[in-house]
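Undergrad: Structure below; questions to follow.
The values are calculated or read from the model by the stated rules, or taken from the named source; none is laboratory data. Source: prediction; values computed, not measured. Neighbour counts are summed over all protein chains in view; Cβ atoms, including those assigned to glycine, are modelled from backbone coordinates with ideal geometry. Just the protein is used for accessible areas: all its heavy atoms, side chains included, with ligands, DNA and RNA removed. Shrake-Rupley method; radii C 1.70, N 1.55, O 1.52, S 1.80 Å.
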Amino acid sequence: VQLQASGGGLVQAGGFLRLSCDVSGSIFSINRMAWYRQTPGKQRELAAVISSGGSTNYADSVKGRFTISRDNAKNTVYLQMNSLNAEDTAVYYCFVVFNSAGGSYWGRGTLVTVSS
């Protein structure tokens, strides 16, 4: 199973980025898809999650600024990040849970740097 994340980079405070994570290599259907983020010295934290039915949940710190979505036909999850601030600087990881015995997997991470 491969999770290929893209879209990270350097952006000024107040700007926006869109992350994508393409999932391939599994015979099982995807249940939950999520984005986590991690900064040095801190635990990885959930930023946003979306269920197979499209229900979403967000960390309080990103509510109203980030939007998670998915394209089931493409096995892709997105994270639209608006009004970015320095506290959003982190490595962002996509995480996927498959149905049945498919297990769960992490992507490699993509770095987002917000300059103030």
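Undergrad: Excluding Gly109 itself, calculate the net charge of residues whose Cβ lies under 10 Å from the Cβ of Gly109, where each Lys or Arg counts +1 and each Asp or Glu counts -1.
TA: Local charge sum for Gly109: +3.
Undergrad: Over segment 32-116, with every protein chain in place, what whole percent of the accessible area is carbon and sulfur at 1.4 Å, could you tell me? Provide the component values of the computation, followed by the final result.
TA: Details: 2000 of 4460 Å².
Carbon and sulfur atoms account for 45 percent of the accessible area of segment 32-116.
Undergrad: For a bin width of 5 Å, list the pair-distance distribution of segment 1-71 built from all Cα-Cα distances, rounded to whole %.
TA: 3, 13, 21, 27, 21, 9, 5, 1, 0
Undergrad: Find the accessible area per residue for the chain; the probe is 1.4 Å, ligands and nucleic acids are left out, and the unit is Å².
TA: 55 Å²
Undergrad: May I ask for the net charge around Ala34, where only other residues with Cβ less than 12 Å from the Cβ of Ala34 are counted and Lys, Arg are +1 while Asp, Glu are -1?
TA: +3
Undergrad: Next up: With loop defined by DSSP as not H, G, I, E or B, and exposure as at most 12 other Cβ atoms within 10 Å, which is the longest segment of the chain clear of exposed trypsin sites (Lys or Arg not before Pro)?
TA: With trypsin sites (Lys or Arg not before Pro) excluded where exposed in loops, the chain gives 1-41 as its longest stretch.
Undergrad: Using DSSP to call loops (not H, G, I, E or B), can you name the chymotrypsin sites (Phe, Trp or Tyr not before Pro) in segment 9-116 whose Cβ has at most 10 other Cβ atoms within 10 angstrom?
TA: Loop-located and lightly packed - none at all.
Undergrad: In addition: Step by step: find N for segment 36-116, compute 2.2 N^0.38 Å, then divide the Cα radius of gyration by it. What's the final number?
TA: On the way: Rg = 13.2 Å, N = 81, 2.2 N^0.38 = 11.7 Å.
Its radius of gyration relative to the 2.2 N^0.38 Å reference: 1.13.
Undergrad: Counting only C-alpha contacts under 8 Å and six or more residues apart, can you give the relative contact order of segment 15-116 as a whole percent? Display every interim value, and only then the final one.
TA: Details: 210 pairs, mean separation 33.9, N = 102.
Relative contact order for segment 15-116 comes out at 33 percent.
Undergrad: Still on this structure, please answer the following. Local charge sum around Ala59 (other residues, Cβ-Cβ under 10 Å, Lys/Arg +1, Asp/Glu -1)? Write down the numbers at each step before the final one.
TA: Numbers: positive: Arg37, Lys63; negative: Glu45, Asp60.
Taking every Cβ under 10 Å from that of Ala59, the sum is 0.
Undergrad: Provide the per-residue ³J(HN,Hα) series for segment 111-116, in order, calculated from phi with Karplus coefficients 6.51, -1.76, 1.60 and θ = phi - 60°, each as a whole number of Hz, with x at glycine and proline positions.
TA: After applying 6.51 cos²θ - 1.76 cosθ + 1.60, I find 7, 10, 10, 10, 8, 9 Hz.
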